[in-house]
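Chemist: Below is the structure I would like to discuss, written out as C-alpha cells.
The values are calculated or read from the model by the stated rules, or taken from the named source; none is laboratory data. Please read these numbers as outputs of a predicted model, since none were measured by experiment. Cβ sites come from the backbone with ideal geometry, for glycine too, and all protein chains shown count toward neighbours.
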Amino acid sequence: MTMIGIDPPGRNAVEVRGLGRVFTSKHGPDHVALDGFDLTVGPGEVHGLLGPNGAGKTTLCKILSTVLLPTSGTAKVDGFDVVADARRVRPVVGIVFGGDRGLYARMTAGQNLRFWAALYGLGRREARRRSEALLERVGLAERTDSTVETFSRGMKQRLHLARGLIGDPRVLILDEPTVGMDPVSAHEFRDLVEELRGEGRAILLTTHDMAEAEALCDRVSFIDDGRLLRCEEPRVLGELLSKHERVRASGVADALAERIAGLDGVEALRRNDDGSILVETNRYGAALLVLRTLVEAGVGDVSTAPPTLEEVYLHLIGDRGMAVRS
C-alpha cells in the first residue's frame, strides 16, 4: 500500500458540527436518526462509536461517505465538506459495511477488488498490484481466483476490508467490521488496524463490542437516539467492565443467595427462570468476593461475564431512557 501523507497541522480527519438527519414518513412520525451530533477525529486516531442498534452510527457513516445527505449541520472529511465538496471527499474515504453489501458473489475476490479499483480511477496495472497486495495483507491471497459465493462470512468480511483500502484512503470507516469473523481472524484484524494507524490513517470504528473498542480505540464516543452522550478514553470502558462484572451460579440455596446479596459491592441479585442466580457488582474486587463465597460454600457451577452494552450505558447515564432496538 502507498504511504499516505501527513495531514497539515490543525486539520482534523473528521469534523462534525451540529449534524442532524431526519427521515420523513408519510404513514407515521418522522424519525430523527441524528440530533445535533458533534465529533472530531484526528489523523492517525482510531475513534470508536459505541451504541445499540438504531443509535445513529450507520447513518453517521453514510453521511461521512457521501452516501446520505444531512438534514442540518456540517460534516467535513480531510477538510472537505461532504455536501459542497463530495467529489473531493469520496477519493479519501474508504468504507467497510458488515454483511454482503458491496461484494459480487459470482465474481472472484481479485475481480471484485479490480472492479472497485477501476471506480477509484486506477489503471489496470496499478489495480492489479494493489489487489494482490491487499489480498495478501488480509490473508486471502490463495483465494484470489475463487468466487465470493464460496467464501465464509468471515472471509467475506476480510475481503470487505481489502475493498475499503483499495483507494488508499486517508480516512477509513469500519461499520461493525468483525461481525462473522472467527477469533483468529478478529485478532488478525486488530493487528491490521494497528498497522493502519501507524500509517497515519484515521479510523472510525462502529461496534457493539466493548472489549474490541477498549483494545483498539484512542477515544470512544457513546451514542444513543442520534445524540452524543459522552466521549471517553478507552480506559473508562476497562474500568466499567471490571467494576460491573456479573457472576452466574447454579445450585445456590436461598440462604446463601441472601448472604451474597448482602456482600459489599453487590448491586443486585436475581434468580433466573432456570433457578440459577445472577449477581451484579458495582465495586472493584466484588466479583472475586462473590466467587470466593460461592466456592467456599461448595457451589461448583459458577461463571463470570462482563456487563452488557445496555448495562454499561445505564451505569454511564443512569435511567435517562436508553432505547435498545432490535
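Chemist: Can you name the residue in the stretch 28-80 that is on the phi < 0 side of the Ramachandran plot and among the polar types (S, T, N, Q) and, of all such residues, is modelled with the lowest pLDDT?
Modeler: Within the stretch 28-80, the match that is modelled with the lowest pLDDT is N53.
Chemist: Just the residues that are in a loop (DSSP other than H, G, I, E, B) and either touching a Ser or Thr at 6+ places or on another chain (Cβ under 6 Å) or of a type in the set (D, E, K, R) (or both), please, taken from the stretch 254-272.
Modeler: Scanning the stretch 254-272 gives D264, G265.
Chemist: Would the stretch 94-109 turn up any residue that is within 22 Å of R197 (Cα to Cα), in a helix (DSSP H, G or I), out of contact with any Ser or Thr (no Cβ under 7 Å at 6 or more places or on another chain) and among the aliphatic types (A, V, I, L, M)?
Modeler: no
Chemist: For the stretch 164-184, indicate whether the set of residues that are without any contact (Cβ under 8 Å) to a residue 12 or more places away in the chain and not hydrophobic (A, V, I, L, M, F, W, C) is non-empty.
Modeler: Scanning the stretch 164-184, I find at least one residue that is without any contact (Cβ under 8 Å) to a residue 12 or more places away in the chain and not hydrophobic (A, V, I, L, M, F, W, C), so the answer is yes.
Chemist: Tell me the residue from G275, G298, G200, G251 that is touching a residue at least 60 places away in the same chain (Cβ under 8 Å), assigned to a loop (DSSP other than H, G, I, E, B) and over 16 Å from the mean Cα position of the chain (by Cα), please.
Modeler: Going through G275, G298, G200, G251 in turn, just one is touching a residue at least 60 places away in the same chain (Cβ under 8 Å), assigned to a loop (DSSP other than H, G, I, E, B) and over 16 Å from the mean Cα position of the chain (by Cα): G200.
Chemist: Would you be able to tell me the number of residues in the stretch 115-162 that are on the phi > 0 side of the Ramachandran plot and touching a strand residue (DSSP E or B) at 6+ places or on another chain (Cβ under 6 Å)?
Modeler: Of the residues in that region, 0 qualify.
Chemist: Sticking with this structure for a sec: Only one of R90, R101, R128, R143 is of a type in the set (D, E, K, R), in contact with a helix residue (DSSP H, G or I) (Cβ under 9 Å, 6 or more places away or on another chain), closer than 23 Å to R201 by Cβ and surrounded by 15 or more Cβ atoms within 10 Å (Cβ to Cβ); which?
Modeler: Of the residues listed, the single one that is of a type in the set (D, E, K, R), in contact with a helix residue (DSSP H, G or I) (Cβ under 9 Å, 6 or more places away or on another chain), closer than 23 Å to R201 by Cβ and surrounded by 15 or more Cβ atoms within 10 Å (Cβ to Cβ) is R128.
Chemist: Residue by residue through the stretch 207-222, note down the ones that are more than 19 Å from D78 (Cα to Cα) and at pLDDT 90 or above.
Modeler: C217, V220, S221
Chemist: Return the only residue of D78, D38, D30 being within 30 Å of A118 (Cβ to Cβ) and assigned by TED's automatic domain parsing to the domain that holds A215.
Modeler: Sole residue among the options that is within 30 Å of A118 (Cβ to Cβ) and assigned by TED's automatic domain parsing to the domain that holds A215: D78.
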